[in-house]
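**Q** Sending over a structure as structure tokens; questions will come in a sec.
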Amino acid sequence: MRSITDEALAADTVLSIMDECQSALETLKKVICASAAEGRRETYKNIFDSALDGVHIIRKLLAERKPELTEHFEKFFCDIEQLKGELRRGREIQYIVLFLPYKASMWDSMESVWREAKRDTRCITYVAPIPYFERNADRTLGKMHYEGSLMPDYVETVDCTGLNMQELEPDVVYIHNPYDQYNHVTSVHPAFYASELKKYTKLLVYVPYYISGSYPSIESAAVFFQTAGMFLSDLIIAQSEVQKKLLVINGIKKEKIAVLGSPKFDYVIQHKETSRIPDAWKEKLHGKKVFLVCNSIGPFLSDDNAVVVYELLIDSMIRRYHAAVIYRPHPLLEITIQTMRPQRYVQYMDFLDRYRDNDSFVFDDSGDFLGAACASDGMISDYSSLCFSYAALGKPVAMTFRGGLPSDDMYYALDYRGMDFIDVSGCLDQNNVPGAFELFAESILNETDLKKEKRMKRMRDSVVNLDGTCGMKVHRHVMKCLENECFEFVHKDE
């Protein structure tokens, strides 16, 4: 049996807690009623007054050691829940939302989400480009890069070195680099690894910097999906149900995957009418059909003759078809070749030097892919997510490959089987361009895109929100998670 002394101590403890509640409610009432919209002030005032009345009654009963407390506590807790509900539905709570891009050319994977957050009056939004390092051959951190100055002029950025994450305590942090220390070529600054960011935010959101295409097997997807950032993120944005399935099979909890599309599609759709061709390109492109030639990293790592193949195709476009070429390599290609295939580095640089001054050749290493996309009539590239972004513009795309065509038994996170394909495996043996390349080039010159309808239908059927609304839906989903505090599952033990 509890003693009178024990009961007195318990009552004193509750009294102390109620004193703190009263002080907090009075402060909140002053702040919220001052900032609330005029039509909502009376609602908040009534709730605060009721809750404060409850505090006074409970304090009085405790002081008098009277037992009739239960119903008053229940009423007090109801007032607090009503207050929380009103704040969630209203605009009085502001959330701090932080975007951490590292490559300016990959900003397109965040931009449409950022636009939605920026126009939302509930959000205080920051964009802080973060530095990254090249990897030395021994995998130590080498030269540092910072691309804040390459970000679009309309994006206001803050200096990441001035960020005190512990003081800022962002409610949401968006990242698009999932590798932490495990990338062989580059590394974002260790202060911005997902493992570090998790210490300071309620909701770490990973938005892929790429668009997923196809995977021959579940195992082949592991290198993309079994990353530190994916396992540590509280929310992952997936572009399709197939991508979600692959993520789950590779160990990612299904509860934290939101199938909402890719902001990269939003970017090309929303900017295609306003994108401008750089003045420095205009003379070289004027009056000519324009091919955009891109390449990813893979072929330059696996194929000794990758440079020669690209040179053969580009030479044919310029000399045989009298077209112009915009060449846009993967932004990390040069660093990767230098680090992982140093014996091919001189060959690649010689290739660039042979064309840089050509009157029909433009080398594009800008932070924004869209200028080249809008300035060109068709695209040729090896397998790359840029092909998918480009196709969203409705323009023709030809993918180069070696060997068999994409098979029907692959996993398609995006169905690109309506595109053109060019087998380049026999280029060097014949010392000539493939027939499929000639047909594609002639379709560009003659402006005949017979596969457009089929190509676009396959894409729309396989990827959600291919209409420019992905960013809006991502932002709404994230805000709902914050308001309902439904991200707590990610903190449970595996």
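**Q** Evaluate the relative contact order of the range 228-332 (contact order divided by residue number), counting alpha-carbon pairs under 8 angstrom at least 6 apart; express in whole percent. The partial results should precede the final answer.
**A** On the way: 82 pairs, mean separation 24.5, N = 105.
So the answer I get is 23 percent.
**Q** Here is a follow-up. Taking amide H positions as placed 1.01 Å from N in the peptide plane, with prolines and chain starts having none, which residues 5 or more places from Ile422, or on another chain, fall under 5 Å of its amide H?
**A** Met399, Thr400, Phe401
**Q** Order the peptides 462-468, 133-139, 377-383 from the highest to the lowest mean number of other Cβ atoms within 10 Å of their residues. Before the final figure, lay out each step's value.
**A** Working: 462-468: 19.0, 133-139: 13.4, 377-383: 22.7.
The most tightly packed comes first, giving 377-383, 462-468, 133-139.
**Q** Amide H of His330 versus every other amide H placed in the peptide plane: which residues, excluding those fewer than 5 positions away on the same chain, fall under 5 Å?
**A** Asn295
**Q** If you average the C-alpha positions of the range 276-293 and of the range 182-235 separately, how far apart do those two centres end up, in angstrom?
**A** A separation of 36 Å, based on Cα centres.
**Q** Please identify the helices of the chain, taking whole runs of DSSP H, that span at least 20 Å along their own axis as judged from the Cα atoms and have a mean Kyte-Doolittle score of 0.0 or higher.
**A** Numbers: long enough: 4-35 (46 Å, 0.51); 38-63 (38 Å, -0.39); 70-89 (29 Å, -0.96); 470-484 (21 Å, -0.34).
In the chain, the long hydrophobic H runs are 4-35.
**Q** For the chain, what mean projected area does the convex hull of the alpha carbons give, in nm²? Please report the intermediate quantities before stating the final value.
**A** Numbers: hull surface 119.4 nm².
The number I arrive at for the chain is 29.9 nm².
**Q** In addition: Rounded, prolate or oblate, given the Cα gyration tensor of the range 269-325, with a/c below 1.5 counting as rounded? Display every interim value, and only then the final one.
**A** Details: a/c = 3.07, a/b = 1.45, b/c = 2.11.
Oblate, because a/c is 1.5 or more while a/b does not exceed b/c.
**Q** Give me the number: length gained by fully extending Ser149 to Tyr345, i.e. 0.36 nm times residue separation minus the C-alpha to C-alpha distance, one decimal in nm.
**A** 67.8 nm
**Q** Give the accessible area for Lys452 in Å² (nearest 10); use a 1.4 Å probe, count only protein heavy atoms, and leave out ligands, DNA and RNA.
**A** Answer for Lys452: close to 90 Å² accessible.
**Q** Rounded to the nearest 10 Å², what accessible area does His189 have for a 1.4 Å probe in the complete protein model?
**A** Its accessible surface works out to 60 Å², give or take rounding.
**Q** Sort 117-123, 415-421, 100-106 by the packing proxy (mean of other Cβ within 10 Å over each peptide's residues), most packed first. Write out the running numbers ahead of the final one.
**A** Details: 117-123: 16.6, 415-421: 19.6, 100-106: 22.3.
For the peptides 117-123, 415-421, 100-106, the packing ranking is 100-106, 415-421, 117-123.
**Q** With each pseudo-label sitting 7 Å past Cα toward Cβ, what's the Lys60-Leu28 distance in nm, one decimal?
**A** Inter-label distance under the simple model: 2.3 nm.
**Q** Ordering Lys284, Lys256, Lys199 by accessible area with a probe of 1.4 Å, largest first, what comes out?
**A** Numbers: Lys284 50, Lys256 10, Lys199 130 Å².
So, going from the largest accessible area down, we get Lys199, Lys284, Lys256.
**Q** Compute the relative contact order of the range 51-178 as a whole-number percentage, counting only Cα pairs closer than 8 Å that sit 6 or more residues apart in sequence. Display every interim value, and only then the final one.
**A** On the way: 152 pairs, mean separation 33.4, N = 128.
Reported as a whole number, the value is 26 percent.
**Q** Give me the percent of DSSP beta bridges within the chain that run antiparallel, rounded to the nearest 5. Working shown, then result.
**A** Values: 8 of 47 bridges.
So the antiparallel bridges in the chain amount to around 15 percent.
**Q** Hey, another quick one. Can you pull the one-decimal nm distance between simple spin-label points at Thr13 and Ser220, each 7 Å off the Cα toward Cβ?
**A** For Thr13 paired with Ser220, the spin-label model returns 6.2 nm.
**Q** Could you check the spin-label model distance between Leu352 and Glu241? Points 7 Å from the Cα along Cα→Cβ, value in nm.
**A** Output for this residue pair reads 4.4 nm.
**Q** With the cut-off at 11 Å, report for the range 358-400 the share of all Cα pairs above it, as a whole percent.
**A** On the way: 612 of 903 pairs.
So the pairs more than 11 Å apart make up 68 percent of the total in the range 358-400.
**Q** Residue by residue through the range 195-200, which ³J(HN,Hα) values in whole Hz follow from phi under the Karplus form 6.51 cos²θ - 1.76 cosθ + 1.60 (θ = phi - 60°), with glycine and proline marked x?
**A** After applying 6.51 cos²θ - 1.76 cosθ + 1.60, I find 4, 7, 4, 4, 6, 10 Hz.
**Q** How would Cys78, Cys470, Cys33 rank on accessible area, largest to smallest, probe 1.4 Å? The partial results should precede the final answer.
**A** Values: Cys78 85, Cys470 0, Cys33 30 Å².
Sorted descending by solvent-accessible area, the residues read Cys78, Cys33, Cys470.
**Q** P(r) for the range 289-367, please, calculated from all Cα pair distances in 5 Å bins and given in %.
**A** Histogramming the range 289-367 at 5 Å steps yields 3, 15, 28, 26, 17, 8, 2, 0 percent.
**Q** Just how many pairs of Lys in the range 369-485 have C-alpha atoms closer than 30 Å, counting pairs that are eight or more places apart or on different chains?
**A** Values: Lys395/Lys451; Lys395/Lys452; Lys395/Lys454; Lys395/Lys457; Lys395/Lys473; Lys452/Lys473; Lys454/Lys473; Lys457/Lys473.
Close lysine pairs under the 30 Å cut-off: 8.
**Q** Moving on to the next point. Spelling out what I want: for every residue of the range 367-373, take phi, set θ = phi - 60°, compute 6.51 cos²θ - 1.76 cosθ + 1.60 (Karplus), and round to whole Hz; glycine and proline get x.
**A** Running phi through 6.51 cos²θ - 1.76 cosθ + 1.60 with θ = phi - 60° gives x, 10, 5, 5, x, 5, 5 Hz.
**Q** P(r) for the range 373-471: what percent of alpha-carbon pairs falls in each 10 Å bin, starting at zero?
**A** Per 10 Å bin, starting at zero, the Cα-Cα P(r) for the range 373-471 comes out as 14, 47, 31, 7, 1 percent.
**Q** Still on this structure, please answer the following. Defining a contact as two alpha carbons under 8 Å apart and six or more residues distant in sequence, what relative contact order in percent does the range 302-383 show? Intermediate values should be presented prior to the final figure.
**A** On the way: 44 pairs, mean separation 27.5, N = 82.
This gives 34 percent for the range 302-383.
**Q** Protein chains only, probe 1.4 Å: how do Lys457, Lys395 rank by accessible area, largest first?
**A** Numbers: Lys457 110, Lys395 45 Å².
Most to least solvent-accessible, the answer reads Lys457, Lys395.
**Q** Using alpha carbon centroids, what distance separates the range 357-419 and the range 125-174, in Å?
**A** The distance from the Cα centre of the range 357-419 to that of the range 125-174 comes to 29 Å.
**Q** Is the range 17-148 rounded, prolate or oblate when judged by the Cα gyration tensor, a ≥ b ≥ c being the square roots of its eigenvalues, rounded requiring a/c under 1.5 and prolate requiring a/b larger than b/c? Mind dumping the intermediate values first?
**A** Working: a/c = 4.56, a/b = 2.47, b/c = 1.85.
It is prolate, given that a/c is not under 1.5 and a/b is the larger ratio.
**Q** Oh, and also: To the nearest µm²/s, what D does Stokes-Einstein give for the range 191-301 at 10 °C and 1.306 mPa s, using the Kirkwood radius over alpha carbon pairs as Rh? Don't skip to the answer; put the middle values down first.
**A** Values: Rh = 17.0 Å.
Here the translational diffusion coefficient equals 93 µm²/s.
**Q** From zero outward in steps of 10 Å, how is the percent of C-alpha pairs of the range 232-364 spread across the bins?
**A** For the range 232-364, the pair-distance distribution reads 10, 28, 25, 24, 11, 1.
**Q** Looking at the range 306-409, what % of the alpha carbon pairs are farther apart than 16 Å? Provide the component values of the computation, followed by the final result.
**A** On the way: 3412 of 5356 pairs.
For the range 306-409, the fraction of Cα-Cα distances above 16 Å is 64 percent.
The values are calculated or read from the model by the stated rules, or taken from the named source; none is laboratory data. The structure presented is a predicted model; accordingly, all values stated were derived computationally and were not measured. Please note: Cβ atoms are built from the backbone with ideal geometry, for glycine as well, and neighbour counts cover all protein chains shown. Just the protein is used for accessible areas: all its heavy atoms, side chains included, with ligands, DNA and RNA removed. Shrake-Rupley method; radii C 1.70, N 1.55, O 1.52, S 1.80 Å.
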